[in-house]
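Data block below; observations after.
The values are calculated or read from the model by the stated rules, or taken from the named source; none is laboratory data. Here the structure is a predicted model, which means the values were calculated and not measured. So basically every Cβ, Gly included, is an ideal-geometry build from the backbone, and we count neighbours across all protein chains shown.
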């Protein structure tokens, strides 16, 4: 899996989740009434920096198939709102976590934001279970400016994660393996790094065992020679 720009050919698969009632019912927007034209328009606009500074990207399979969209919205220089949506066929396969890790890592590392926040409907059991499983803490004192964006929506659970550079830290998912360039290349580098670590560890263990054998041999030789000399003295 990797992160890439949204492309026009993603529109039909994007429309798939928009028209899936199990998914679209968890969002404020009326995705059920969206058309292929709406999806194509969104994709075209996503590759431009809009007035709100939104960032949208595709979470893709290794074969390049669109699996979902990950976003960072309302970026104000200090914070940004995270959002993600996956096709039903992508759920439970790691795509959501991959996309979330990438966007939050980029928010802190590349945009130097202090906080990333988001919310979900409390009755969206799957999403709540996902965030709680990854130890994200609920945001209790929600800033008024965030609440205003979701007026008339009271059944929300709020989350946030702070930059590791801030004094107040919540569990973060910063991962140096992620990149805002080509995550496939990064994974190759990581794989090579893991192999090097494995070889280094294995070599260290072998050298350690050899040193034990060498010490035991010296001890045996010294003991044998000592006994031999002692016997000769008698």
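Filtering 95, 108 for residues that are out of contact with any strand residue (DSSP E or B) (no Cβ under 7 Å at 6 or more places or on another chain), over 20 Å from residue 140 (Cβ atoms) and either at pLDDT 90 or above or surrounded by 20 or more Cβ atoms within 10 Å (Cβ to Cβ) (or both) leaves a single hit, 108. State whether one or more residues within the range 5-26 are within 22 Å of residue 147 (Cβ to Cβ) and in contact with a strand residue (DSSP E or B) (Cβ under 8 Å, 6 or more places away or on another chain). Yes, the conditions are met somewhere in the range 5-26. When the range 114-130 is filtered for residues that are within 18 Å of the chain's Cα centre (by Cα) and not in a strand (DSSP E or B), the ones remaining, listed by number, are 114, 126, 127, 128, 129, 130.
Only one residue in 128, 116, 85 is more than 18 Å from residue 55 (Cβ to Cβ), in contact with a strand residue (DSSP E or B) (Cβ under 7 Å, 6 or more places away or on another chain) and either assigned by TED's automatic domain parsing to the domain that holds residue 55 or surrounded by 15 or more Cβ atoms within 10 Å (Cβ to Cβ) (or both). Which one? Matching residue, one of 128, 116, 85: 128.
For residues that are free of Cβ contacts under 8 Å to residues at least 40 places away in the same chain and outside any loop (DSSP other than H, G, I, E, B), scanning just the range 147-159, find the one that is surrounded by the most Cβ atoms within 10 Å (Cβ to Cβ).
Result: 157.
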